[in-house]
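Asker: Take this structure, written in structure tokens, and hold onto it; I'll ask about it next.
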Amino acid sequence: MIDALRYEYVRLRTIRSTYWLIGLALVLQLVLALLIAWSLDRSTTFGGGDETFDILATIGGSTGAPLLMAYVVGLLGVFSTGHEYRHGMIRATLTAIPNRTHVFWAKVVSTAAVSAVTALLCVLIGLVGIVAFGLDLPSGTRFLEVSAGTVLYTALFALSGLAFAALVRNQTAAVALLMLVPSLFEFVVQSIVVIIKTNSDDPRGSGGVTTILKFLPYDAGSQMYVQSSIDGFVQRALGAEPFGAVGGGIVMGVFVAVLLGAAYALFLRRDA
Amino acid sequence: MALIEARSLGKSFGTQRAVDDLSFTVRPGSVTGFLGPNGSGKSTTMRLMLGLDRGQGVTTFDGLTFAELDHPVRHVGALLEAKPFHPTRTARNHLRMLAAPNGITDRRVDEVIEMVGLAGVRGGRPGKFSLGMGQRLGIAAALLGDPHTLILDEPSNGLDPQGITWLRNLLKFLAAQGRSVFVSSHLLQEMGVLADELVVIGRGRMLANGPVRDFVSHSGLGSVTVLTPDAATLGPALQALGATVTPDGDALVVRGATAEQIGDAAHAAGVRLHQLATRQATLEEAFLEATGLSEEFRGTQSGGAA
């Protein structure tokens with residue numbers, strides 16, 4: 001396994017996309033954090049408190065917007081296996097390291113580590129915005145909760161990108177899946193559920209078709225960093241109680257684990 | 001130095017049998033050429049040997065499968081694809097990446113870059129390399145671990161004549177050091193010069209396996225040209241031996257009999273011989289004869305639409 005990790009270490013260090021993706025995530029985070037901090041500083045209606053950190057650390061993700069850093073860093077996950085197939089590298093890789101288990105899990109470990117570290121840096125950049133404009137610093141508990149949630153979500157998001165690329169063995173298709181499943185597919189499912197529910201005899205009743213909403217993996221995972229006042233807003237409106245940060249994290253974790261398990265099983269069985 | 005033993009290799013794609021019960025041995029100290037028409041299963045066989053494709057059979061390198069080798073690049077060097085690298089990772093970094101898990105130093109990376117003639121572009125992006133430069137980088141990757149065995153799929157693709165000569169000399173040199181070299185190529189003339197042994201397949205099945213000279217000499221396309229003033233007597237005598245005799249001006253072209261047999265027959269018939277010239281079939285002729293019915297893809301002479 002150490003040999004495969006060495007390979008991944010050199011692979012990540014010697015390719016430009018590693019640098020421009022991490023750089024893009026950090027620069028976007030810095031620019032947007034400073035802009036939002038400036039905006040909050042001038043706001044007469046914003047209440048401050050822990051919410052300041054929530055918003056800046058996630059660049060608005062805590063209010064229900066997509067977590068930008070996850071979408072950027074997620075591409076690292078796609079590229080970790082996508083490049084192997086797009087550029088015909090997989091056979092060279094497996095002649096250097098014939099143990100497919102080591103190759104696969106070294107990619108999982110490296111992707112999780114790089115995406116988590118990048119997400120943590122993004123969170124810290126959010127703090128920079130707070131300090132730069134003299135806004136309210138978060139409480140220790142809130143800092144840990146949001147940081148852990150953001151880092152975990154980003155790492156799981158990137159790992160789902162890795163799994164998509166390993167499953168379809170097509171980088172372009174994997175990028176499309178990573179971008180569209182959380183933002184479009186889950187939105188379409190939510191819309192269908194809303195239509196069904198609002199036209200039912202009991203639009204606000206719990207259970208039934210609304211249960212599906214609790215298991216939309218990326219939406220469930222977002223509860224790890226979304227403010228509790230917004231958390232599960234759509235679900236509550238339809239009478240479904242969301243799982244919350246821990247439960248939502250478990251739903252997303254299980255989804256990513258299933259994706260990775262399927263990708264690993266196929267990677268062992270398929271021709272290189 | 002490793003003995004490669006491939007046993008009962010097999011692979012199907014859907015209902016099509018790409019490789020069928022293929023067994024052969026590649027001995028140390030020799031270059032073994034791997035020949036077959038397009039689509040005959042050469043590349044699939046090589047991938048099966050390295051465990052890259054899932055199929056039947058087993059290939060061992062001194063008794064161990066590729067997956068069982070510790071730091072495999074140090075034992076078996078392989079070139080399987082044209083341009084198997086990321087277009088923006090430099091040539092040197094590409095090799096460093098393959099070297100890292102096998103405990104190979106940067107110094108060795110620089111050595112192989114020099115060896116294949118890419119020192120001037122070691123920092124260049126392979127995406128801008130020509131096919132020949134890409135092949136040289138692939139050969140460098142195969143040589144990285146100073147392996148005792150080389151498995152090369154069409155390594156001369158894209159190389160210029162100087163490059164082909166360089167590759168031929170390199171492979172012969174490596175084989176002379178006692179290494180096992182297994183190489184496929186479509187350049188039959190080149191293979192005739194390079195290879196000591198041949199494995200010839202068609203439609204995934206073994207057609208011939210053995211020394212190049214045996215493969216060529218067993219071809220029915222070899223002939224003996226006979227000049228004699230008594231052709232009318234000698235012709236029927238040779239036909240009685242089972243040979244095919246074709247008049248060619250003043251000469252007779254005889255197939256199916258050796259020069260010695262023809263000489264003995266002439267002596268027995270009291271026929272004078274003025275010339276007895278043996279012409280062996282070329283490797284290309286022998287190959288085309290052996291694989292004539294095994295072509296997967298066959299073109300036609302006519303090119304125009306009706």
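Read the figures in this text as sums done on the coordinates, not as results from a lab. Everything numeric here is computed off the predicted structure, so don't read it as measured data. FYI the Cβ positions are ideal-geometry reconstructions off the backbone, even for glycines, and counts take in every protein chain you see.
Asker: Starting at the first residue of the stretch A:34-51, write each ³J(HN,Hα) from the Karplus equation 6.51 cos²θ - 1.76 cosθ + 1.60 with θ = phi - 60°, in whole Hz, x for Gly and Pro.
Answerer: Using θ = phi - 60°, the values come out as 5, 5, 5, 4, 4, 5, 5, 4, 8, 5, 9, 9, 5, x, x, x, 4, 4 Hz.
Asker: Per residue of B:99-105, count partner chain C-beta atoms within 10 Å of its C-beta, then hand back the mean as an integer.
Answerer: Details: counts 4, 13, 16, 5, 2, 1, 0.
For this peptide, the per-residue mean of nearby foreign Cβ atoms is 6.
Asker: Something else: Could you check the spin-label model distance between B:E260 and A:S139? Points 7 Å from the Cα along Cα→Cβ, value in nm.
Answerer: Label at B:E260, label at A:S139, 10.3 nm between them.
Asker: Please say if chain A is rounded, prolate or oblate, where rounded means a/c under 1.5 for a ≥ b ≥ c the square roots of the C-alpha gyration tensor eigenvalues, and otherwise the choice is prolate for a/b larger than b/c and oblate otherwise?
Answerer: Working: a/c = 2.41, a/b = 1.30, b/c = 1.85.
Oblate, since a/c reaches 1.5 and b/c is not below a/b.
Asker: Using θ = phi - 60° and the Karplus relation 6.51 cos²θ - 1.76 cosθ + 1.60, list the HN-Hα couplings for the stretch B:274-281 in order, rounded to whole Hz, with x at every Gly or Pro.
Answerer: For the stretch B:274-281, the Karplus curve yields 9, 7, 9, 10, 8, 10, 6, 5 Hz.
Asker: A follow-up question, please. Any idea what angle helix B:106-115 forms with the longest principal axis of chain B, computed on alpha-carbon atoms, 0 to 90 degrees, nearest 10?
Answerer: 30
Asker: If you don't mind, there's one more thing I want to ask. On average, how many beta carbons from a partner chain sit within 10 Å of the beta carbon of a residue in B:77-89? Please list the in-between numbers first.
Answerer: Working: counts 1, 5, 3, 6, 6, 1, 2, 8, 4, 12, 3, 5, 8.
Whole-number average of other-chain Cβ neighbours for B:77-89 is 5.
Asker: Under the Karplus relation 6.51 cos²θ - 1.76 cosθ + 1.60, θ = phi - 60°, what is the ordered set of whole-Hz ³J(HN,Hα) values for the stretch B:86-96, x standing for Gly and Pro?
Answerer: 6, x, 10, 7, 4, 4, 5, 5, 4, 5, 4
Asker: Quick one: which of A:K107/A:K214; B:K11/B:K128; B:K83/B:K172; A:K107/B:K42; B:K42/B:K172 span more than 28 angstrom between C-alpha atoms? Don't jump to the answer; show the numbers that get you there.
Answerer: On the way: A:K107/A:K214 30 Å; B:K11/B:K128 35 Å; B:K83/B:K172 24 Å; A:K107/B:K42 31 Å; B:K42/B:K172 21 Å.
From the list (A:K107/A:K214; B:K11/B:K128; B:K83/B:K172; A:K107/B:K42; B:K42/B:K172), the Cα-Cα distance tops 28 Å for A:K107/A:K214; B:K11/B:K128; A:K107/B:K42.
Asker: I've got another one for you. Using a 10 angstrom cutoff on alpha carbons, build the Gaussian network for chain B and name the most mobile of B:A140, B:A91, B:A100.
Answerer: Result: B:A100 has the largest fluctuation of those listed.
Asker: If you take the square roots of the eigenvalues of the alpha-carbon gyration tensor of the stretch B:223-279 and sort them as a ≥ b ≥ c, do you get rounded (a/c under 1.5), prolate (a/b over b/c) or oblate?
Answerer: Values: a/c = 1.21, a/b = 1.04, b/c = 1.16.
The shape class here is rounded.
Asker: Around B:G57, which amide H atoms from residues at least 5 apart in sequence, or from another chain, sit under 5 Å from its own amide H, with H modelled in the peptide plane?
Answerer: Counting only residues 5 or more places away or on other chains, the set is B:G10.
Asker: Going by a ≥ b ≥ c, the root eigenvalues of the Cα gyration tensor, does the protein assembly as shown fall in the rounded group (a/c under 1.5), the prolate group (a/b larger than b/c) or the oblate group?
Answerer: Prolate, since a/c reaches 1.5 and a/b exceeds b/c.
Asker: Ok, one more. Any chance you could give the angle, 0 to 90 degrees and rounded to 10, that helix B:131-143 forms with the longest Cα principal axis of chain B?
Answerer: Roughly 80 degrees, rounded to the nearest 10.
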